[in-house]
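The values are calculated or read from the model by the stated rules, or taken from the named source; none is laboratory data. The shown structure was predicted, so the numbers you read here are calculated from the model rather than taken from an experiment. Positions of Cβ are backbone-derived with ideal geometry, glycine not excepted, and every protein chain shown enters the neighbour counts. Protein only, heavy atoms only, side chains kept; ligands, DNA and RNA dropped before computing areas. Shrake-Rupley method; radii C 1.70, N 1.55, O 1.52, S 1.80 Å.
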2 protein chains.
Amino acid sequence: MKNYLLRLSFIGTRYSGWQIQPGVPTVQGELTKVLEEVLGERVKVVGCCRTDAGVHAKDYVANFKSSKDFEEEKLLKALNSLLPKDIGVSEVREVPEDFNARFSVKGKEYVYRIWTAPWRDPFLYPFSLHIPGGLEVKAVEEAMDVIRGKHDFSGFAKLEDEKNTVIELEAELEVRGHLIELRFRATHFLRHMVRRLSGALIWVGRGKMDPKELEKFLSGESFPYTAPPQGLTLERVFL
Amino acid sequence: MKNYLLRLSFIGTRYSGWQIQPGVPTVQGELTKVLEEVLGERVKVVGCCRTDAGVHAKDYVANFKSSKDFEEEKLLKALNSLLPKDIGVSEVREVPEDFNARFSVKGKEYVYRIWTAPWRDPFLYPFSLHIPGGLEVKAVEEAMDVIRGKHDFSGFAKLEDEKNTVIELEAELEVRGHLIELRFRATHFLRHMVRRLSGALIWVGRGKMDPKELEKFLSGESFPYTAPPQGLTLERVFL
């Protein structure tokens, strides 16, 4: 058996997330179908994480094992030519047998994008949340100081399994003209965590909540607002 | 009568270009329809130039005259809320009565984007021409030296009217990773000129033509290849 790593990127708009589900388009589903067509056998594609419906990825890592011996370059070409245009495979590489995209990934970086001009930028529209009027950047910075570092992020998660909820989080704010980027980096994330953290920063930035109030959601209380998926992009996966 | 300037941007993929035509979606058509809805009267929208079907604009200038007295901010908001999501209006401003988008514009900047990696980047795919294997950059630079400056560009145009065909052209090549950007600036352009110039640079970059050969198309001979529209974006309009 050979073990292949795939690096890919996708526009999440059309997809019900990464994970295969019956009756709806998913990235894992498209990939599994196309791999079957190319390899002539059904393989199990393991992804580095779930993604919510509508979330994008500029970088994503997956792997699959196959009994077929395929040239990496050939497979890359075949996948890109058969996959829908909103998915691209940037790398195919044979990896050691024990590599597993879910468990071997060392960290991830997400960016939540907010477009703050009163008007719409059609090029950014599918990849950002539009908040005309913008955010109070200084307050968002203060809120980031609260969430940055090692905390129990259960209050920002839809908990499902007994994953370690204490996470060391790096967070940065970047303002480029009318675009605000909230950047988050950690070894792992909990389900909905980035969208809820972004939601909290948005509430603070719109004056709906004091930066200090965030502290209580780091000690058990559940934060109620999940920012919409289209603003979120998985930006980098660290191996 | 009041004269209003509009600054807009659009993703050209779905449109048969700027200019209104019966039975097909056009940017001028969408704008005219929405303005009629907002103003309650049919107005003539004048654009700064035609654009080919499938060509994008990050900046575009238009104007229209109306007997209705509308607050600029209100009109901006109404247009953005009623227009399709792939068109955005970034500015509405009252201008002197003699302003005409077609004749008052002082210059334009176009960028032709070429994606050269062997794989597809889904985020750039709709806005670039994919040439896996890339271009010989040094040869393209040499070819740019030939076309840069003041020339008669009839050989690169689909001529239709007696516009001045002698144009002072600025041209630059930028390479950012796998992306090549061909940037063109001039007071005015002839029909198909940027796509044909890009086509010529692509031929040179792929070794299909010598940079020096471009000279003959600057002295009357017609260049035959028009690069596809999706790679082209009207980047800036100078007023």
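How many of the residues making up the range A:42-58 are assigned to a strand (DSSP E or B) and either within 11 Å of chain B (Cβ to nearest Cβ) or more than 13 Å from A:S9 (Cα to Cα) (or both)? Result for the range A:42-58: 4.
The residue that is farthest from the other protein chains (Cβ to nearest Cβ), counting only those in the range B:77-102 that are assigned to a strand (DSSP E or B) and charged (D, E, K, R), is B:E94. Would the range B:113-126 turn up any residue that is in contact with a Phe, Trp or Tyr (Cβ under 8 Å, 6 or more places away or on another chain), farther than 17 Å from B:I180 by Cβ and among the aromatic types (F, W, Y)? There is no residue in the range B:113-126 that is in contact with a Phe, Trp or Tyr (Cβ under 8 Å, 6 or more places away or on another chain), farther than 17 Å from B:I180 by Cβ and among the aromatic types (F, W, Y). Counting only strands (runs of 3 or more DSSP E) that fall entirely inside the range B:105-179 and contain at least 2 residues that are free of Cβ contacts under 8 Å to residues at least 40 places away in the same chain, assigned by TED's automatic domain parsing to the domain that holds B:R191 and open to solvent by 30 Å² or more (accessible area, probe 1.4 Å), the qualifying elements are B:166-176.
Annotation note: Cβ proximity below 9 Å between a residue of the range B:65-84 that is in contact (Cβ under 8 Å) with a residue 24 or more places away in the chain and at negative phi and a residue that is assigned to a helix (DSSP H, G or I) and open to solvent by 80 Å² or more (accessible area, probe 1.4 Å) (sequence gap 6+ or interchain) occurs for B:A78/B:E37; B:L82/B:K33; B:L82/B:E37; B:P84/B:R14. For residues in the range B:1-25 being in contact with a strand residue (DSSP E or B) (Cβ under 7 Å, 6 or more places away or on another chain) and of a type in the set (F, W, Y), which is farthest from B:Y125 (Cα to Cα)? So the residue we want is B:Y4.
Quick grid of which residues meet (1) hydrophobic (A, V, I, L, M, F, W, C); (2) closer than 17 Å to A:G107 by Cβ; (3) in a loop (DSSP other than H, G, I, E, B):
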position	(1), (2), (3)
A:S198	no, no, no
A:L214	yes, no, no
A:A227	yes, no, yes
A:R236	no, yes, no
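Evaluate the range A:59-68: report whether one residue or more is surrounded by fewer than 18 Cβ atoms within 10 Å (Cβ to Cβ), outside any strand (DSSP E or B) and out of contact with any Gly (no Cβ under 9 Å at 6 or more places or on another chain). Yes - at least one qualifying residue is present in the range A:59-68. Within the range B:208-231, residues that are closer than 29 Å to B:H56 by Cα have Cβ atoms under 8 Å from residues that are exposed (fewer than 13 other Cβ atoms within 10 Å of the Cβ) in these pairs: B:P211/B:D145, counting only partners at least 6 apart in sequence or on another chain. Take the conditions away from every other protein chain (no Cβ under 13 Å), open to solvent by 80 Å² or more (accessible area, probe 1.4 Å) and in a helix (DSSP H, G or I) and apply them to B:K74. Does it pass? Criteria not met by B:K74. Here A:F223 qualifies as of a type outside the set (S, T, Y), assigned to a loop (DSSP other than H, G, I, E, B) and not assigned by TED's automatic domain parsing to the domain that holds A:S9.
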